[in-house]
Amino acid sequence: MMDLEQRLNLLTQDAGYEGDQLPNVSTIPNLESSDIKPPVCFKKDSKTVPEITYAKKSNGGQISLLKTVLTSACEKDCNYCVFRAGRDFRRATMKPDELASIFHNMTVAGISEGLFLSSGIAGGGIRTQDKLIDTAEILRLKYQYRGYLHLKIMPGAEFDQIERAMQISSRVSINLEAPNQLRLSALAPHKDFSEELLKPLQWAAEIRNKKSPTRTFDHRWPSLATQLVVGASHENDHEILQTSQYLFSTLGLSRIYYSAFTPVIDTPFENLPPENPIREFRLYQASFLLRNYGYTYKDLIYESNGHLPLDIDPKQAWAKQNLFNAPIEINSADQSSLLHIPGIGVKGAQAILRVRRQNPIKNLGDLHRLGINPERVSPYILLNGRRPLQQLSLW
Ligand code: SF4
């Protein structure tokens, strides 16, 4: 019989396979020359168990997260998953009060500031969801925990369960796993894309849009997220980004996690090759273009197989095709047009708009003083009607 700590250690190792994994930027070439650098999460070299994951916050700080599952037992048989039914490995389970208590002790000891909690499915999605909600309620009500809590929604969860989960979480997510039913059938032959996965996400969006957050623990609805497995079902980037656009623009998701497939031994997919992490990274960059930069999935440049090119960031690829012969006038372009220029991110666009209210931008030196790299922008812009290449010597 394993004690509580042994079970938590096992569950935490297993949860490493769960979604919510941001890219490992050490594998990405030419990152410094890109406007779009997705945030990262990482594990520090540490001998502490359970393992703690560190995620960068939007304000620049970082948060230490306990990332775990309530149980690594699962009655489903998804073809890629470490937890799939019948796979031979050492499984563990914790009760809601056990997990809440041990996490509370970790927060008091300063080991972990936030919790990411998921689960294998045991006794159906509804019953498993109840256990996740029980754990979160114990934390919020008994231990008065006010910190970050990312709670998974199980396939097939009911509307009322989703609303309750949203009242006590900082973020909820439902793993779509694939961009559509066809691709999901290859990954998880017994899951229904529309009914079990997409519908709960749509309900969560409906709750956010139509209901007042007065009964939530911090008087606002949590953010919504999902995760897609990349490279195991012959899906292409075009269909992933088509679904991503729907999730951002119609359902208001804050984040889509793209998870490059890695084969797990003793699963039906154990002999499939791992997906190139650069593909995962390009998808993150493209998704930021959809979410923050006003692009649609149709705007982006694809190879003949429907994938984004791996050797160039998607914004640069778009600009090479569209702006070389139609450069953008820096002194009259609106924010959306400025954001389409490689080398100009959100801060750069705002700086240009602010400065040119006083005086027009005259040369590349003016842009340089705003923190914008002249060499990156110069092929794609006009300054007062002229291409600035000949002005390089002026700054
Ligand atoms: S439902 Fe599928 S993906 Fe989720 S834990 Fe079970 S086997 Fe893994």
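The values are calculated or read from the model by the stated rules, or taken from the named source; none is laboratory data. Everything numeric here is computed off the predicted structure, so don't read it as measured data. Backbone-built Cβ (ideal geometry, glycine too); neighbour counts: all protein chains shown.
So which of SER119, SER194 is under 26 Å from ILE207 (Cα atoms) and within 20 Å of the chain's Cα centre (by Cα)?
SER119
Could you count how many residues in region 85-114 are in contact (Cβ under 8 Å) with a residue 60 or more places away in the chain, within 15 Å of the ligand (Cβ to nearest atom) and within 18 Å of ARG127 (Cα to Cα)?
Going through region 85-114 one residue at a time, the tally reaches 2.
Based on what the data block shows, is ASP192 within 13 Å of the ligand (Cβ to nearest atom), over 19 Å from PHE261 (Cβ atoms) and out of contact with any Gly (no Cβ under 7 Å at 6 or more places or on another chain)?
Criteria met by ASP192.
Look through region 131-145, keep the residues that are of a type in the set (D, E, K, R) and more than 16 Å from the ligand (Cβ to nearest atom), and return whichever of them is farthest from the chain's Cα centre (by Cα).
Per the stated criteria, the residue is LYS142.
Are there any pairs with C-beta distances below 6 angstrom linking a residue in region 52-80 that is more than 25 Å from GLN129 (Cβ to Cβ) to a residue that is within 11 Å of the ligand (Cβ to nearest atom) and at pLDDT 90 or above, with the two at least 6 apart or on different chains, and if so which?
Qualifying pairs under 6 Å: none.
Do the conditions hold for ARG220, that is, is it away from the ligand (no atom under 16 Å from the Cβ), surrounded by fewer than 21 Cβ atoms within 10 Å (Cβ to Cβ) and part of a loop (DSSP other than H, G, I, E, B)?
Yes; evaluated as a whole, the condition is true for this residue.
Considering only residues of region 327-349 that are assigned to a loop (DSSP other than H, G, I, E, B) and of a type in the set (A, V, I, L, M, F, W, C), which is farthest from ASN359 (Cα to Cα)?
It comes out as ILE341.
Those residues that are outside any loop (DSSP other than H, G, I, E, B) and surrounded by 15 or more Cβ atoms within 10 Å (Cβ to Cβ), I need them from region 293-321; list them, please.
PRO314, LYS315, GLN316, ALA317, TRP318, ALA319, listed by residue number.
Do we have ALA122 as over 22 Å from ARG171 (Cα atoms) and more than 14 Å from the ligand (Cβ to nearest atom) here?
The answer is no for ALA122.
Being among the basic types (Lys, Arg) and in contact with a His (Cβ under 7 Å, 6 or more places away or on another chain) is the filter here, so list the residues in region 132-191 that pass it.
Answer for region 132-191, where residues must be among the basic types (Lys, Arg) and in contact with a His (Cβ under 7 Å, 6 or more places away or on another chain): just ARG171.
Cβ-Cβ below 6 Å, separation at least six or inter-chain, first residue in region 171-190 and farther than 20 Å from ILE126 by Cα and touching a residue at least 60 places away in the same chain (Cβ under 8 Å), second assigned to a helix (DSSP H, G or I) and away from the ligand (no atom under 13 Å from the Cβ): which pairs?
Sorted first by the residue in region 171-190, then by its partner, the pairs are PRO179/GLU239; PRO179/ILE240; PRO179/THR243.
Quickly run through region 111-136 and pick out the residues that are more than 23 Å from TYR80 (Cβ to Cβ) and in contact with a helix residue (DSSP H, G or I) (Cβ under 8 Å, 6 or more places away or on another chain).
If the condition is that a residue be more than 23 Å from TYR80 (Cβ to Cβ) and in contact with a helix residue (DSSP H, G or I) (Cβ under 8 Å, 6 or more places away or on another chain), then SER112, GLU113, LEU115, ILE126, ASP130, LYS131, ILE133, ASP134, THR135, ALA136 are the ones that fit.
Answer yes or no as to whether ASN175 is surrounded by 15 or more Cβ atoms within 10 Å (Cβ to Cβ) and farther than 18 Å from LEU70 by Cα.
In short, no.
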